[in-house]
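No lab work stands behind these numbers, since they all come straight from the coordinates. Fair warning: this is a prediction, and the values are worked out from it, not measured in the lab. Positions of Cβ are backbone-derived with ideal geometry, glycine not excepted, and every protein chain shown enters the neighbour counts.
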Amino acid sequence: MSSAKVLIQKENGKISVLVQAGHSLRNSASLLQRSVNCVSHFVSVPDGYSKIHGKGKPRSLIEQDLQQIGRTISNSTLSIKAEFRKISLSAPTTTMWRAICALPNTERQKMHTAP
């Protein structure tokens, strides 16, 4: 059997012809030396086979939001929760935490009491 997970154009055409001629999926797979799952996947959705579908979840923070977070956090002595309230974005707090950790110019330190 071939080690590639996706069928090539030539194999797509061969499978279409074999299935129209009345061959079973198992027979078609053995003639092409491919797995039955690979052949059945192509037969079930021939038009949408090997096309990229979704690109994942869109980002909840756009670039302007990241810049706003960076400007607000960089020179502040307020607590993080107070900063989140001050920024007032609709993003979850964990997303904002990740944005802060990803900023190259910020460093978290414990605040010490003044003498």
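Summary of computed values
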quantity	calculated
Qualifying positions in the range 4-31 - within 33 Å of the chain's Cα centre (by Cα), surrounded by fewer than 14 Cβ atoms within 10 Å (Cβ to Cβ) and without any contact (Cβ under 8 Å) to a residue 24 or more places away in the chain	ALA4, ILE8, GLN9, LYS10, GLY13
Hits in the range 73-86 (condition: of a type outside the set (D, E, K, R) and surrounded by 15 or more Cβ atoms within 10 Å (Cβ to Cβ))	ILE73, PHE84
Counted residues, the range 94-115 - those being surrounded by 11 or more Cβ atoms within 10 Å (Cβ to Cβ) and assigned to a helix (DSSP H, G or I)	7
